[in-house]
Every structure is written in C-alpha cells, then in structure tokens.
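These notes are about the structure you will find just below.
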Amino acid sequence: VELVESGGNSVQAGGSLRLSCAASGSTFSIYVMGWYRQAPGKPRELVADITTGASITKYADSVKDRFTISRDNAKNTMYLQMNSLKVEDTAVYYCNAHWGYGNVAWGQGTQVTVSS
C-alpha cells in the first residue's frame, strides 16, 4: 500500500482546509486509515481514524467538533476536513493505513500552518 497526501497549506486562524490521502496498491486489504500529525519538538499524535467496513471514526479530543474524517472507497481516498483551525493545529499531517497482517503504511506528510 502506498499513500500520498495533499491539501496542506497556510491559513489564518479560524479558516478551513481539506486534506486528502490517496491510497494505491493492495487497498482491498486496508482495514483502518487515519491521520496523524507532528508539530516541531513534539511526538507524532493521532488526529482521527476511520475503519473501512463500518466507517467507525475516532477523534483526538483536541479536534472533536472541528475536524471530520471520511473515506471514498470507490476512489480509495481518505479526507480530513478541518474547520475552525487554531494556531496549535500547525503541524505536518501524515496519512496512515493498517493493512494485511500487521502492515502499516505512511504517507510523506503535508504541512499545515495556521497563523494568528
């Protein structure tokens, strides 16, 4: 499985962005996909994830009610709609997929910068 993110940009606080993650390869074996982020000097953290079957979602408390994760299975693409962005949302955002038997794939990351 290969993952390619897009959609990162610089925005002002209160603005919105939508990130996309396109998956290729053995996409039929993906069972969970997620978005992680890493700010300078901080560990990578889970932002949100979604299962492929029932589309069960999970969010970090810091983004609940502001971010929405979704999938388009026909396009093998996952999205992260980010609204009401805050300066503390500034980070590199990574796409992640769990597939097959214990395999994990990561994208190359896309930069999101929120200014006050």
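Annotation: segment 27-90 has a Kirkwood hydrodynamic radius of 12.6 angstrom, from the mean reciprocal C-alpha pair distance. Here is the list for segment 25-116: chymotrypsin sites (Phe, Trp or Tyr not before Pro) lying in DSSP coil, each with at most 15 other C-beta atoms within 10 angstrom of its C-beta, are Y101.
When both segment 38-62 and segment 10-26 are represented by their alpha-carbon centers, they are found 13 Å apart. Note on segment 70-116: Cα convex hull, mean projected area over all directions, 4.3 nm². Placing +1 on the Cβ of every Lys and Arg and -1 on the Cβ of every Asp and Glu, with no other charges, gives the chain a dipole of roughly 80 debye about its Cα centre.
The trypsin sites (Lys or Arg not before Pro) found in segment 19-116 that occupy coil by DSSP, while having at most 13 further C-beta atoms within 10 Å, are K64. Cα convex hull, the chain: 93 Å³ per residue, rounded to a whole number. Each residue of segment 88-95 was assigned a 3J(HN,Hα) from its phi angle through the Karplus curve 6.51 cos²θ - 1.76 cosθ + 1.60 (θ = phi - 60°); the sequence is 6, 7, 4, 4, 8, 9, 10, 8 Hz, with glycine and proline shown as x. Relative contact order for segment 3-58: 24 percent, from Cα pairs under 8 Å spaced at least 6 residues apart, divided by residue count.
For the chain, relative contact order (Cα pairs under 8 Å, six or more residues apart, normalised by length) works out to 37 percent.
Readers should treat all values here as calculations from the given coordinates under stated rules, not as data from a laboratory. Everything numeric in this text was worked out from a predicted model, so none of it was measured. Don't worry about glycine lacking a Cβ; one is built from the backbone with ideal geometry, like all the others, and counts go over all protein chains shown.
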